[in-house]
Structure formats: structure tokens, C-alpha cells
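Working notes, structure below.
The values are calculated or read from the model by the stated rules, or taken from the named source; none is laboratory data. Please read all numbers here as calculations on a predicted model, not as lab measurements. Quick reminder, even Gly has a Cβ in these numbers, built from the backbone with ideal geometry, and neighbours come from all protein chains shown.
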Ligand SMILES: C[S@@+](CC[C@H](N)C(=O)[O-])C[C@H]1O[C@@H](n2cnc3c(N)ncnc32)[C@H](O)[C@@H]1O
């Protein structure tokens, strides 16, 4: 079994983002650290055009739309773009919401910044990186995850193992998609296509209800409510509630979120080795 998913497997998993429920529950995911944006604006001097690649509900696009003259919010999922426009409520008329994959998107202009938040692993790098290089953009790759889940590490690992096995039974081919070593290796594939200028981690405090924490898990392709069906979703919610509620105070969890920022110049060909 290879470590990397094929482009076709990636496209199949990516289709989850078409689901309205996934787009809706995405709002409950933790935001990127405010300090990350501050640093990003320090390292990107231009303020003309920014592209939010795989924008989802436009979390990043909506922040960048204040300092940048124009932001293209790009995503193949209509459900995500609708959620983004609903959240923005027309506050940023300088955001162009574009429904396309990064592979299909064509733009003759230049970009100061391409921001890819938890999305750089989706498109075909051989198609997208040469395009970004031609745009003259700096690429910023961003990911935000809790430093530690609100449960004992062993109990959290046990929960994941249990539910990954349940989902693997349900979804053909899921064992390959859920291979954690595969995800870790895949997570860094894009770095061969970048001349990295810097990387930094920003940690901030984020508070949310147990219900929102559970809802946020369903925004992940692995735990989408459509993939689980109503009965398994309800069991998953009960199981997760029992696991994390002891860490809550008055039904609210306090999480430390680590937001990782890696920036640099996209290459038109990957580095050898
Ligand atoms: C995990 S979400 C990240 C959303 C947002 N960037 C954020 O940081 O909150 C990944 C997004 O990538 C999008 N995506 C999947 N395949 C893509 C592709 N080939 N080109 C561009 N975006 C893609 C999905 O539709 C989804 O909205």
C-alpha cells in the first residue's frame, strides 16, 4: 500500500466539501491565530491582489479583504462558497467568490499572495505550482489544530482508533485514506515545490461549547454526517461527548490552538530528492 493517495482518491474525498452539512459545521472549527495574520502582512509587502486557494467558507478571504484591494476566494464547492458569502453578508465587495478547482482556475494577472489554509494537499501540485510561480505570488500555507485535544491522549487515541475502524468497515477503500502515516507524509509533499522563506507557529486560546466542538469534527471528510449516516453520527456524538465533557467548565472547553504558517516562493518544478 503506497503512502500517498492518488489524485482520483483525493478528488473522491474532496467531494465531501460539496456537502451542505460539512460547509455549515466548518464554522465551528477554530480560527487561525490573529497574530498569524499580523506576521503574514509583515512578510508580504504587496496589497494589490490575494488568492485564497481552497477558501472553504472564506475564513481567510474575509480577513485578507481588509488590507488587500482585491481577494479571489476560490473553491470548487458551491456549498462552501455559499456559506462564505452568507458569513460575509456583503461586507467585502472586493472579494470575488469563484467556483473552480485550483487546477482549472486561470488568471492572466499577478497575485501578491496565495494563501492555502488546510487546502494545499488537495490540488495536483504539478498543475498548480507552475501557475502560482507565474503569478509571482508568495505562497502561505496555513494549518490550525488544537495543541492538545480536551481528553487524555490515550483516551483520545482510543476514540480515534475505534471510530476509524467503524468508518473503515462502512466506507470501501477507507483504510487507505485513514492511514495516519500516509496523511503525515502527504502533509509535506508540497514543500518540494516551495523555496521556503520562513515558518512560524502562533498559539492562541479558543473557547467553545462541547456541542460546537463536536459539530466541528463533522466538518472533516472523515467524520462527515453524510458519510456516517444519522445513527452512527448520533453514536459518535454521544461517545465524543462522554470523552470531552469532563474537561469542560459549564459546558465550555478551552483549547490552545497552534496555527502554523509556512511561506515562500512557489517553484515551477519540484526540488530533486
Ligand atoms: C479543509 S477546507 C479549508 C478551508 C479554508 N481554506 C480554511 O482554512 O478554513 C479545504 C478546502 O479545499 C477545497 N478543495 C478541494 N479540492 C480542491 C482543489 N482541487 N482546488 C481548490 N480547492 C480545493 C475544498 O472544497 C475545501 O473547501
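Things worth noting here:
- Residue within the range 117-134 that is within 13 Å of the ligand (Cβ to nearest atom), part of a strand (DSSP E or B) and within 23 Å of residue 36 (Cβ to Cβ) present: yes
- Test: residue in the range 18-36 that is under 18 Å from residue 94 (Cα atoms), within 16 Å of the ligand (Cβ to nearest atom) and part of a loop (DSSP other than H, G, I, E, B): no
- Filtered residues of the range 68-80 (kept if more than 9 Å from the ligand (Cβ to nearest atom) and out of contact with any helix residue (DSSP H, G or I) (no Cβ under 6 Å at 6 or more places or on another chain)): 68, 69, 70, 72, 78
- All positions within the range 93-105 that are away from the ligand (no atom under 11 Å from the Cβ), within 14 Å of residue 52 (Cα to Cα) and outside any strand (DSSP E or B): 94
- Of the candidates 229, 251, the single residue that is more than 26 Å from residue 125 (Cα to Cα) and at pLDDT below 95 is 229.
- Check on residue 88, touching a strand residue (DSSP E or B) at 6+ places or on another chain (Cβ under 9 Å), surrounded by 14 or more Cβ atoms within 10 Å (Cβ to Cβ) and either at pLDDT below 95 or under 24 Å from residue 262 (Cβ atoms) (or both): no
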